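Undergrad: Pasting in a structure now, in structure tokens, and then I'll have a few things to ask.
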Amino acid sequence: MKILIIEDEPQMLENMRQTLEREQYIVETATDFTAANDKIGAYDYDCILLDITLPDGNGLELLKELKALGKEDGVIIVSAKDSLDDRIKGLNLGADDYLPKPFHMAELHARVKAIVRRRNFEGNNQIEIGNVSIDPESRSVFVAEKEVVFNRKEFDVLTYMISNKTRLVTKTALAEHVWGDHIDQADSFDFIYSQIKNVRKKLADARATIEIEAVYGVGYKLQVV
Amino acid sequence: MKLLNHTTKYFAILLVVLISVWAVIFYVAMIDEVYDSLDDGLENQKEIIIQAVNDNPELLNDTEFGVNNYTIKKTQVHKETKFKDSYRDTLMYMQNEEDYEPVRILESVFEQDGSYYKLKLITSMVEEDDQIENLFIYLVGLYLALILSILVLNNIVMKRIWKPFYRLIGRLKTFRIEKDDPITAEPTTIDEFNLLNKSVERLTEKSRDSYLAQKEFIENAAHELQTPLAIAINKLELLLEKNGMSIAQSQEVGSVLDNLTRLTRLNKSLLLLSKIDNKQYVDAERIDFTDLVKKMVQDFADFATHKDIELKVDAHQKLTYTMNPDLAVVLMTNLIKNAIVHGQGGKPIHIEIVENQIRIQNYGENSALQSGGLFERFRKASADSRSTGLGLSIAKAIADKYDVALTYSFTDRHEFTLTFP
């Protein structure tokens, strides 16, 4: 899996590179418009993380260029400018997703995974982990071929944890993903905790070979046992 | 009092004084002239009579005013020089008026054949009381005429002259710094107004510039904060994943992370507020609020259940209103979330939709919130450190933007009401 990160802020770029490399992706980087343009012209990528504001050009132009070349690389726009205009423009130009800065690493993984999955399995994008299989389309979960019913939030928690398997997912990252942008209350952590408890119980009851463990009160980690 | 009436008032007062003084001076001068002329006439007659007596001594017997307007009497005064001609006013019965009327009398002494005679000559005089009355009437007439012409002048001429001024005032009255462009007034031929116009133009332009600059600053600052925040958050997340940290260290990092996330939310809320103010949400469509509320209640169901609160929707009617769809969601989210967060476990939250109102009622602390400043930024009902204190002010900003009234009241529960126009 090849990923191209186009980002002018070196530390931002380094963070993204580190975290994605840990997932065994091959990560390439470009820090300006020209370099990025050269790379997308020469190679194909499974996913491109595209910063809109570049020192020598607008990232949206790269997106146009990419589409003009007839390439089908998945594109996630990463922008500090969380403006509705850019979001709509970007998606209209053929971007697959829009991720406003700042974001959690777990969120980045989930988004990248979703894109890669969609591209590589075209339609049949069942997620298999341990004896658990998930169909994101129909939002159904099977443990050892038997369906287990998860409610909406629980399903979101589970898929998010699976996208970030064996990695630490902080409480805030999880809360924001499941709860959306609008949480700003302490209650949400309690709430997330009770959701996690439910998910754990359902997994355990169905004898799933995955489990979610708490990490020092900071977050959670999904492990295959 | 209007400026025009103000000047008219002062004119009126000034004119009363002016005309009164003028009347006195005029009257004195006029009467003086009248006396002068009467006295000249009497003097002249005196000469004529003395001459006539000289020619015809018979006339010395005219001792009574009868047909003549003079009397001649022998007098004991010998020295002519001892008696100077004297003019007096006196009253005399007038047959035609059947009343005593003022007359002017000249008394003189003359010598005829060695004896001295006293001559009294009269002439009828202006009636002073009549004169004053007339003068008064005419002056009142003049006064009224002047006031009337000033009023006419003001209302026609002055109004036209002051027109640019009133137009400017009108524009200033409706000027909204966040909405309008700087005021540009049409040029006039009056220097003062041009000066005023220019000053107002400059002032509004300056205010607007600094308003925009301030807005831009907040927005830019919020934007610029996003990247360092992202870097810091991500670095800490990577750090947490590294092995070899103690539990205590992890928890410290976790707490820093929580605070950074809070900062991020605060930043996002500020950005949202400035975007609402900036009119960046221009698209609007007919939003079915009944539908929206029902959908939202589903979204919040888990959270509410978690807090042991039941969300009851009582929609009597379909309520639609034109609004930006994203902002409509933010508005309702903030209000419903507010109700759940401050709601009391075990007691329901009522969301009632009637004709043009959405009422969201929750039980909670059993006393009314201080309504002043309730919607102000960074106001927090509790010391809850995780609340940004911006939720209600965002809701208010959105409501204001679309002329929806957002009000708070307390009976036995807290109620936030959206009243759609």
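Throughout, read-outs are computed from the coordinates displayed, never taken from laboratory work. From a predicted model like this one, the values you see are computed outputs, not experimental measurements. Using ideal geometry, Cβ is built from the backbone for each residue, glycine included, and neighbour counts are taken over all protein chains shown.
Undergrad: Quote the FRET efficiency, to the nearest 0.05, computed for residue B:256 versus residue A:18 with a Förster distance R0 of 25 Å and r equal to the Cβ-Cβ distance.
TA: 0.85
Undergrad: Something else: Evaluate the relative contact order of the stretch B:285-419 (contact order divided by residue number), counting alpha-carbon pairs under 8 angstrom at least 6 apart; express in whole percent.
TA: It rounds to 24 percent for the stretch B:285-419.
Undergrad: Something else: Given 20 °C and 1.002 mPa s, how large is the Stokes-Einstein diffusion coefficient of the stretch A:127-224 in µm²/s, with Rh as the Kirkwood radius over Cα pairs?
TA: After rounding, the answer is 159 µm²/s.
Undergrad: How far apart, in nm, are two points set 7 Å out from the Cα along the Cα-to-Cβ line at residue B:17 and at residue B:312?
TA: It works out to 7.6 nm between the two label points.
Undergrad: Still on this structure: With equal scatterers on the alpha carbons only and no solvent term, can you work out the Debye log10 of I(q)/I(0) for chain B at 0.08, 0.10, 0.11, 0.13 1/Å?
TA: Normalising to I(0) and taking log10 leaves -0.74, -0.94, -1.01, -1.16.
Undergrad: Need the list of lysines near residue B:198 for cross-linking: C-alpha distance under 28 angstrom, and skip anything on the same chain fewer than eight residues off.
TA: Straight-distance partners of residue B:198: B:2, B:159, B:163, B:173, B:179, B:206, B:215.
Undergrad: I've got another one for you. With just the Cα atoms defining each centre, how far is the stretch A:73-104 from the stretch B:264-302? Give it in Å.
TA: So the two Cα centres are separated by 19 Å.
Undergrad: For chain A, find the longest principal axis of its Cα atoms and tell me its angle to the long axis of helix A:187-205, 0 to 90°, nearest 10.
TA: Taking Cα atoms only, the helix is inclined about 60 degrees.
Undergrad: Report the full-extension gain for the segment residue B:135 to residue B:263: residue separation times 0.36 nm, less the Cα-Cα distance, to one decimal in nm.
TA: Gain on extension, residue B:135 to residue B:263, equals 37.3 nm.
Undergrad: Mind checking which lysines have their Cα closer than 22 Å to the Cα of residue B:235? Skip sequence neighbours fewer than 8 apart in that chain.
TA: Reachable lysines: A:81, A:101, A:113, A:165, A:171, A:221, B:268.
Undergrad: Then there is this: Taking Cα pairs under 8 Å and at least six residues apart, what relative contact order does the stretch B:3-134 come out at, in percent?
TA: 20 percent
Undergrad: Order these by the 10 Å Cβ neighbour count, fewest first: A:96, A:190.
TA: Ascending Cβ contact count within 10 Å gives the list A:190, A:96.
Undergrad: Using a simple charge model, +1 on the beta-carbon of Lys and Arg, -1 on the beta-carbon of Asp and Glu, nothing else, what dipole does the stretch A:114-157 show about its Cα centre, in debye to the nearest 20?
TA: It comes to approximately 180 debye.
Undergrad: What is the log10 of I(q)/I(0) for the protein assembly as shown, computed with the Debye formula using one identical point scatterer on each Cα and no solvent, at q = 0.07, 0.08 Å⁻¹?
TA: Computed log10 I(q)/I(0) values: -0.65, -0.78.
Undergrad: Please report, in whole Å³, the volume per residue of the convex hull around the C-alpha atoms of the stretch B:192-277.
TA: 79 Å³
Undergrad: What is the Cα radius of gyration of the stretch A:28-166 over 2.2 N^0.38 Å, N being its residue count?
TA: 1.19
Undergrad: Further question on the same structure: With a Förster radius of 30 Å, plug the Cβ-Cβ distance of residue A:61 and residue B:209 into 1/(1 + (r/R0)^6) and report the FRET value to the nearest 0.05.
TA: 0.40
Undergrad: Within the stretch B:126-150, whose backbone N sits under 18 Å from a point 7 Å along Cα→Cβ of residue B:99?
TA: Flagged as within label range: B:126-137.
Undergrad: Contact order normalised by length for the stretch B:158-268, with contacts defined as Cα pairs under 8 Å and 6 or more residues apart; what percent is it?
TA: So the answer I get is 21 percent.
Undergrad: Right, here's the next one. With charges only on Cβ, +1 for K and R and -1 for D and E, what is the dipole size of chain B about its Cα centre, in debye, rounded to 20?
TA: That gives chain B a dipole magnitude of about 3800 debye.
Undergrad: Right, next: Pop a pseudo-label 7 angstrom from the Cα along the beta-carbon direction at both residue B:60 and residue A:42 and give the gap in nm to one decimal.
TA: Result: 15.6 nm between the two label points.
Undergrad: Would you mind working out the magnitude of the charge dipole of chain A relative to its Cα centre, with +1 at each Lys and Arg C-beta and -1 at each Asp and Glu C-beta, to the nearest 20 Debye?
TA: So the magnitude is around 900 debye.
Undergrad: Okay, moving on. Kindly express, to the nearest 10 degrees and within the range 0 to 90, the angle between helix B:3-55's C-alpha long axis and the longest C-alpha principal axis of chain B.
TA: 0 degrees
Undergrad: Summing Lys, Arg as +1 and Asp, Glu as -1, what charge do residues with Cβ under 13 Å from the Cβ of residue A:156 carry, residue A:156 excluded?
TA: -2
Undergrad: How far apart, in nm, are two points set 7 Å out from the Cα along the Cα-to-Cβ line at residue A:68 and at residue A:149?
TA: 5.4 nm
Undergrad: Ok, one more. Using Cα positions and a limit of under 22 Å, work out the lysines in reach of residue B:84, with same-chain residues fewer than 8 apart set aside.
TA: Answer for residue B:84, where 22 Å is the Cα cut-off: B:46, B:73, B:74, B:118, B:120, listed by chain and number.
Undergrad: Would you please name the GluC sites (Glu not before Pro) within the stretch B:138-235 that are DSSP coil residues with at most 16 other C-beta atoms within 10 Å of their C-beta?
TA: B:178
Undergrad: Between the stretch B:94-145 and the stretch B:153-213, what's the alpha-carbon centroid distance in Å?
TA: 65 Å
Undergrad: Tilt of helix B:191-241 relative to the longest C-alpha principal axis of chain B, in degrees (0 to 90, nearest 10)?
TA: Orientation of helix B:191-241: about 10 degrees from the principal axis.
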